[in-house]
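Heads up, the thing below is written out as structure tokens.
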Amino acid sequence: TNMDTVEENWKQFKETIETCIDKHIPKKKIGKYHDVPWMTTDIKRLIRKKQRLYNKSKKSKKPSHKKAFKDMRSLIRNKLHKNYWDYLNNMLDPEKDNNSIQKFWKYIKPTNQDTMGIGTLKNNGVLAETAEQNAEMLNNQFTSVFTIENTTNMPSK
């Protein structure tokens, strides 16, 4: 309408665009096996087939379709597991690959990172260097905020 303010028009326009985006633009999650060496094109093809079987079983609700989906899921899980361990077992074989040491460190480096959610803490200008020092600084902080009650003058029941 002509009586709406600029802010109201903008809000209505923005809500319409966001609704259209949510409704019509597809969203895709990237899995954890997106770019790993043991993920082959054969397994990717099977994963797409598994998704089709899943969609079919949800739509038809037939036990035979559900069983086909579960069998495919199991097959993919087994193939991924086998490929993963084959990759790890063949990683340090210099006869097969000259870059085996680089592959080993490329695999090890991401797994060797500290995933703790606590960052470096600082107390009285001193940075904590180890996890134990971090824990000690947190403990000191928490104990400092609690008070010790004086129980000498407590009334009797």
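The values are calculated or read from the model by the stated rules, or taken from the named source; none is laboratory data. Please read all numbers here as calculations on a predicted model, not as lab measurements. Only protein heavy atoms, including side chains, enter the accessible area calculation; ligands, DNA and RNA are left aside. Shrake-Rupley method; radii C 1.70, N 1.55, O 1.52, S 1.80 Å.
Points worth noting:
- Additional length obtainable on full extension of the chain from residue 153 to residue 106, 0.36 nm per residue less Cα span: 10.3 nm
- Length gained on full extension, residue 12 to residue 74, computed as 0.36 nm times the residue gap minus the Cα-Cα distance: 17.5 nm.
- Largest to smallest accessible area among 152, 143 [probe 1.4 Å]: 152, 143
- Estimated at 0.36 nm per residue, the fully extended path between residue 52 and residue 132 surpasses their Cα-Cα distance by 23.8 nm.
- Sequence-distant residues sharing a close amide H with residue 123 (under 5 Å, placed H): 128
- In order along segment 129-137, phi translates into HN-Hα couplings of 9, 10, 5, 5, 5, 4, 4, 5, 5 Hz, rounded to whole numbers, per the Karplus curve 6.51 cos²θ - 1.76 cosθ + 1.60 with θ = phi - 60° and x for Gly and Pro.
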